[in-house]
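Here the structure comes first, spelled out in structure tokens, and everything after it is commentary.
The values are calculated or read from the model by the stated rules, or taken from the named source; none is laboratory data. On a predicted model such as this, the values are computed, not experimentally measured, just so you know. Heads up, the Cβs are rebuilt from the backbone with ideal geometry, glycines too, and the neighbour counts pull from every protein chain shown. These accessible areas exclude ligands, DNA and RNA; they are computed on the full protein's heavy atoms, side chains included. Shrake-Rupley method; radii C 1.70, N 1.55, O 1.52, S 1.80 Å.
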Amino acid sequence: MRSRNTVAGLAICAIIATSCSTPTDSEQDTSTTPDSIDAQAIDVQGHRGARGLKPENTLPSFEQALDLGVTTLEFDLHFTADNDVVVWHDPAVTPDKCGLKDGAPDGIPDPDDPDTDAASLTIRALTSSELRWFDCARNPDDGRFPDQDAAPTELAGSDYGIVTLVDLFEFVAAYAASEIKTQEQRSGARVVGFNMETKRKPDRPDTIGDGFDGVNAGPFEIRILEIIESHGLTDRAVIQSFDPRSIAAIHAADAGITLASLTVDRGVLLTEVVALGATIWSPSYDTVTTDRIDEAHSLGLLVIPWTVNSERDMSQLVDSGADGIITDRPDLAVGDR
């Protein structure tokens, strides 16, 4: 089994390898300069790629994050009708984020058609091949993501479709070998981590719909582990979840995989996080205190809060001892290349 510091160590090495420059001043928060953010000492995770800059969980978003030099790509996983694993956050395809690509065959449900049955747009109701026909380049919230755009990127172009986990792993490998990118960017991509969230919901078993019994790893978790292992990425992978059952089940199936427990509440018992088999605690950033970080560290847990989008909050968390941050705006943490 790997040590609990493996993922953080990879992150630090990746940032050093990419010669991270000091970030420029943030337009969002000028009261705290990014000089106080020690980017070489934390794991900078691009939330859903770089959601504040590109549409979430798409190849262009992940390319943007890699261009910036994140040390980890953070994203979400769902299970399809053909038992494949895809990178997407929501349980269904919705018109605020997606429409149909030109030339989509008959039978692919149209999110923009008000007569479309909502059940037909759930991820579990669609195959991975069918999901490729959606163009998810829309910004669901201009107020939250004013700097997001859907311009094409160098490698992914305008491919804003819903991709499989295999597609993403292969894209990162292609990025690492691409002469279009700088040596520093390629080096970073060769060691970048993958923090992937299982989107199980205890109150909505149909969201994944694989017959999970709440104890043993279901077909969803097993398939994720198979894909990670087949690509030789176990040492660069973290699986996270808000559902403690998913974490415990994965730990029982593969004690060598690094696990992270996502939490919302302030009163979470960190001893219970450890008991699940997790070695990373990822709380909502606004529930974190220095004392809680110290408590987590005393139990052997790394602390990587979500979703941290201002330079002030980034600086405060690093000063408090956080081991990393999950952010929609990795450009504010790592600066311009």
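Observations, loosely collected:
- In the stretch 80-97, the residues that are within 16 Å of the chain's Cα centre (by Cα) and in a strand (DSSP E or B): VAL85, VAL86, VAL87
- Qualifying positions in the stretch 197-232 - among the β-branched types (Val, Ile, Thr) and open to solvent by 40 Å² or more (accessible area, probe 1.4 Å): VAL215, ILE222
- The set of residues in the stretch 203-220 being within 16 Å of HIS89 (Cα to Cα), in contact (Cβ under 8 Å) with a residue 24 or more places away in the chain and not aromatic (Phe, Trp, Tyr) consists of ARG204, ASP206, THR207, ILE208, GLY209.
- Flag for ARG190 being assigned to a loop (DSSP other than H, G, I, E, B), among the basic types (Lys, Arg) and under 19 Å from the mean Cα position of the chain (by Cα): no
- Among the residues listed as THR279, THR258, the single one being under 16 Å from the mean Cα position of the chain (by Cα), under 25 Å from ILE228 (Cα atoms) and either of a type in the set (Lys, Arg) or at pLDDT 95 or above (or both): THR258
- Residue within the stretch 219-229 that is in a loop (DSSP other than H, G, I, E, B) and among the β-branched types (Val, Ile, Thr) present: no
- The residue list VAL273, VAL238 contains one member that is among the aliphatic types (A, V, I, L, M), more than 19 Å from ARG124 (Cβ to Cβ) and under 17 Å from the mean Cα position of the chain (by Cα), which is VAL238.
- Yes/no for TYR160 being within 25 Å of TRP306 (Cβ to Cβ), crowded, with 19+ Cβ neighbours inside 10 Å and more than 17 Å from the chain's Cα centre (by Cα): no
- Count of residues meeting criterion [surrounded by fewer than 20 Cβ atoms within 10 Å (Cβ to Cβ) and within 17 Å of ARG266 (Cα to Cα)] in the stretch 314-337: 1
- Restricting PHE145, PHE171 to those that are at pLDDT 95 or above, surrounded by 14 or more Cβ atoms within 10 Å (Cβ to Cβ) and assigned to a helix (DSSP H, G or I) reduces the list to PHE171.
- Residue within the stretch 72-79 that is among the β-branched types (Val, Ile, Thr) and either touching a Ser or Thr at 6+ places or on another chain (Cβ under 7 Å) or surrounded by fewer than 19 Cβ atoms within 10 Å (Cβ to Cβ) (or both) present: no
- VAL288 falls short of the stated requirement of being over 27 Å from ALA248 (Cα atoms) and not polar (S, T, N, Q).
- Single residue of ASP243, ASP254, ASP235, ASP294 found to be loosely packed, with under 14 Cβ neighbours inside 10 Å, among the charged types (D, E, K, R) and farther than 17 Å from GLY46 by Cα: ASP294
- For the criterion of being over 17 Å from ASP76 (Cα atoms), open to solvent by 30 Å² or more (accessible area, probe 1.4 Å) and either among the acidic types (Asp, Glu) or in contact (Cβ under 8 Å) with a residue 12 or more places away in the chain (or both), VAL191 passes.
- All positions within the stretch 303-313 that are of a type outside the set (Lys, Arg) and open to solvent by 10 Å² or more (accessible area, probe 1.4 Å): TRP306, THR307, ASN309, SER310, ASP313
- Members of the stretch 224-233 found to be more than 16 Å from the chain's Cα centre (by Cα) and either among the hydroxyl-bearing types (Ser, Thr, Tyr) or under 16 Å from PHE75 (Cβ atoms) (or both), listed by number: ILE227, SER230, HIS231
- Remark: pairs (first residue in the stretch 297-318, within 16 Å of SER284 (Cβ to Cβ) and without any contact (Cβ under 8 Å) to a residue 40 or more places away in the chain; second residue among the β-branched types (Val, Ile, Thr) and assigned to a helix (DSSP H, G or I); Cβ separation under 6 Å; 6+ apart in sequence or on different chains) = VAL303/ILE293.
- GLY107 open to solvent by 60 Å² or more (accessible area, probe 1.4 Å) and either outside any helix (DSSP H, G or I) or at pLDDT 95 or above (or both): yes
- Comparison of LEU165, LEU131, LEU121, LEU155 shows that the only residue that is aliphatic (A, V, I, L, M), over 20 Å from the mean Cα position of the chain (by Cα) and modelled with pLDDT of 95 or more is LEU121.
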